[in-house]
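This report concerns only the one structure given below.
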Amino acid sequence: MAKKVFNVFMILLGGICGFTIVYLLDKVQLLTSFEGTVKTIIYIAGIILFSIIFYLIFPKIIKGIDKSTKNVESEIAKLPISEVLLGVVGMIIGLIVALLVSYPLLQLELPYVGNIPMVILSIIIFISLGYLGLRLGRTNKSDLNNIFQKVKAPKEKASKKATNDSIKILDTSVIIDGRIKDIIEAGFIEGKIIVPIFVLEELQHIADSDNDLRRQKGRRGLDILKMIQNITATDVEISQKRYPDIEEVDSKILQLAKEFKGKVITNDYNLNKVATVRDIEVLNINELANAMKPIVIPGEQMTVTILKDGKEANQGLAYLDDGTMVVIEDGKNYIGKTVETTVTSVLQTAAGKMIFVRINFNNGKM
């Protein structure tokens, strides 16, 4: 039904357009040699011709416009909001200039045709300057930002710089790990936290995996991200930048960090190394965890519960609350018991810290 109404409307619009064009030709005396019935036939032919043209061509034009509009909407969705706003500001400025330029033109009256050419010219000016303003607003956003920054107070500029410098970008591994939520809740992470859209999509892809373990990790990551968003003191933003020319998610994260001049939070060893090479600051959760482990020195007393035997003969193993391994000399025979020990040495390995102790045999707790 709607299609039929649209087609009827197009036919009427084409007929009006055809009548108007023949009327203008008649006004400029191009049809003076035709009189009576012939002129009427010309009017009817113009109406029929343009009705057919509008009926056949305009639906295709409308489809093209609709497709172009959807493409524009898709492209706008990929742009950061700041770039869209600057483009709109530029377009408004361009339209204002077009209004000032076209106003005197609309006052001109030409012989026979009146100001119709001036109206057409004004429409072209509006479209051209509006589009030019949109392009200038987007392509010169850095210059516009500098102008806006210059008119702000020094205190506001310092505040904005501090905010930009404290941007943190989360990668997939650190979200799945989950410890980042506790660190944020404790107030050790300040500034804006950015989660790239491609990291969110990777989490969703993992959550939809056929592998049970991967699926659980993906769902855990999405739950952790939701919890981080619910922390009221935290500003969390989902960045819509996708970088379609870059395939690897890690490379996209580093590109985003480079662009925003932010820091990457991760526990991925390889990503950490690549970021260091590219001169991008990284906050590694594993390094933070190792730094937070208690410092012990030889001769210090320590109470531990021996859980199992070690690799070497007569060794026992215990673990501190943070997971640090404690190797007890001659502790195999005391598995399941809590003993007082003395630290003999501390060894830092790639897997973490190991503490070597010996039992205080004169202690009554054995």
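The values are calculated or read from the model by the stated rules, or taken from the named source; none is laboratory data. Quick caveat, the model's predicted, so the values are computed rather than measured. Cβ atoms come from the backbone with ideal geometry, glycine included; neighbour counts cover every protein chain shown. Keep in mind that these areas ignore ligands, DNA and RNA; they rest on the heavy atoms of the full protein, side chains included. Shrake-Rupley method; radii C 1.70, N 1.55, O 1.52, S 1.80 Å.
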Of the residues in the range 203-214, how many are open to solvent by 60 Å² or more (accessible area, probe 1.4 Å) and part of a helix (DSSP H, G or I)?
5
Can you tell me which residues in the range 250-268 are surrounded by 13 or more Cβ atoms within 10 Å (Cβ to Cβ) and part of a loop (DSSP other than H, G, I, E, B)?
262, 267, 268
Among the residues of the range 297-317, which ones are over 10 Å from residue 328 (Cα atoms) and acidic (Asp, Glu)?
300, 312
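Results for (1) touching a helix residue (DSSP H, G or I) at 6+ places or on another chain (Cβ under 8 Å); (2) not aromatic (Phe, Trp, Tyr), shown as yes or no for each residue.
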residue	(1), (2)
257	yes, yes
284	yes, yes
311	no, yes
326	no, yes
335	no, yes
338	no, yes
356	no, no
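Yes/no per residue for (1) more than 22 Å from residue 27 (Cα to Cα); (2) open to solvent by less than 70 Å² (accessible area, probe 1.4 Å); (3) modelled with pLDDT under 75; (4) not in a loop (DSSP other than H, G, I, E, B):
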| residue | (1), (2), (3), (4) |
| --- | --- |
| 94 | yes, yes, no, yes |
| 99 | yes, no, no, yes |
| 112 | no, no, yes, no |
| 125 | yes, yes, no, yes |
| 130 | yes, yes, yes, yes |
| 134 | yes, yes, yes, yes |
| 137 | yes, yes, yes, yes |
Sort out which residues of the range 216-249 are in contact (Cβ under 8 Å) with a residue 12 or more places away in the chain, of a type in the set (S, T, N, Q) and open to solvent by 60 Å² or more (accessible area, probe 1.4 Å), and write them in order of number.
240
So if I check each of 77, 45, which one is assigned to a helix (DSSP H, G or I) and modelled with pLDDT under 80?
77
Would you kindly identify the strands (runs of 3 or more DSSP E) lying entirely within the range 269-366 that contain at least 3 residues that are in contact with a strand residue (DSSP E or B) (Cβ under 7 Å, 6 or more places away or on another chain), open to solvent by 50 Å² or more (accessible area, probe 1.4 Å) and free of Cβ contacts under 8 Å to residues at least 24 places away in the same chain?
none
Criterion first (of a type outside the set (Gly, Ala, Ser), outside any helix (DSSP H, G or I), surrounded by 14 or more Cβ atoms within 10 Å (Cβ to Cβ) and modelled with pLDDT under 80) does residue 31 satisfy it?
yes
